[in-house]
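Every read-out reported here was derived from the displayed coordinates using simple, explicitly stated rules and does not represent laboratory data. Note that this is a predicted model, so its numbers are computed, not measured. Cβ placement follows ideal geometry from the backbone for every residue including glycine, while neighbour counts extend to all protein chains displayed.
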Amino acid sequence: MADLDKLDRAILKVLRRNARISNVQLAAEVGLSPSACLRRVQILEEVGTIRGYTALVAGARDAHVVIVRISLEKQTEEALNRFEADVLKHPEIRECYLMTGEEDYLLRVEANGAGDYERIHKEVLSRLPGVSRINSSFAIRSVLSAAS
């Protein structure tokens, strides 16, 4: 991203805010003609700066966010792959990050209150392959999120 100029950065800023914006609107916001803007977006896609577009789906209205730190028994490639493959099977786990530091993974889980999280802890998290320790924290409120 170091090779991006001022216009490329402006395009990315607008697209992060609204990836569904029309090319004509995007061009107007960044001060380019629609054809020049489209060409730049296509180049950003081709070189992999823009890797895709996605929909951010809201969680359940009453969902509580729980940040979960997971330590594994082993950190072998096989153990990491097994854990990651199993995480993908559980829709309650909304995000998963391989981490440096004390814990191996950081998860963002959505639960419908403490009782539902207890179920997720017992039936999902504690059964993930290779888990040796689970440390959970309920979020009080969101200050900044990817959807912001």
Once Lys and Arg are counted +1 and Asp and Glu -1 for all other residues with Cβ under 12 Å from that of Arg108, the total becomes -1
The rounded separation in angstrom of the Cα centers of the stretch 104-134 and the stretch 19-41 is 43 Å
For the stretch 5-114, listing GluC sites (Glu not before Pro) in a DSSP loop whose Cβ sees at most 10 other Cβ atoms within 10 Å gives Glu102
The whole-number value in µm²/s of the Stokes-Einstein translational diffusion coefficient for the chain, with Rh from the Kirkwood sum over alpha carbon pairs at 25 °C and 0.890 mPa s, is 135 µm²/s
Taking a label point 7 Å from the Cα of Phe138 along Cα-to-Cβ, the residues of the stretch 67-105 whose backbone nitrogen sits under 14 Å from it are 67
For the stretch 34-148, averaging the sequence separation of alpha carbon pairs under 8 Å that lie six or more residues apart and dividing by its residue count, the contact order in percent is 35 percent
Among Ala79, Gly113, Val124, the residue whose Cα sits farthest towards the positive end of the charge dipole of the chain, when +1 is placed on the Cβ of each Lys and Arg and -1 on the Cβ of each Asp and Glu, is Gly113
Sorted by chain and then number, the residues having a modelled amide H within less than 5 Å of the amide H of Asp104, at least 5 places away or on another chain, are Ile70, Ser71, Leu72
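At 222 nm, what helix-only mean residue ellipticity would the chain give, in deg cm²/dmol to the nearest 500, using -39500 (n - 2.57) for each DSSP H run of four or more?
Only helices count here, giving -11000 deg cm²/dmol.
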With Cα springs under 10 Å, the Gaussian network model of the chain assigns the largest mean-square fluctuation among Tyr105, Tyr117, Tyr53 to Tyr53
Between the modelled labels at Thr100 and Glu73 (7 Å from Cα along Cα→Cβ) the distance in nm is 2.8 nm
Between Ala63 and Ala28, the two model label points (7 Å from Cα along the beta-carbon direction) sit apart by a distance in nm of 3.4 nm
Taking Cα pairs closer than 8 Å and at least 6 residues apart, the relative contact order of the stretch 60-127 in percent is 42 percent
Charge tally for neighbours of Arg69 with beta carbon under 9 Å away, counting Lys, Arg as +1 and Asp, Glu as -1, is -2
Nearest-0.05 FRET efficiency for Leu80 and Arg9 at R0 = 30 Å, using Cβ-Cβ distance, is 0.30
Non-local residues with an amide H under 5 Å from the amide H of Arg94, with H modelled 1.01 Å from N and Pro and chain starts lacking one, are Arg108, Val109, Glu110
Stretched fully, the stretch from Ala55 through Ala36 gains (0.36 nm per residue minus C-alpha distance, one decimal, in nm) 4.2 nm
Magnitude of the Cβ-charge dipole (Lys and Arg +1, Asp and Glu -1) of the chain about the Cα centre, nearest 20 debye, reported as 540 debye
The summed charge of the Tyr97 Cβ neighbourhood (under 13 Å; Lys/Arg +1, Asp/Glu -1) stands at -1
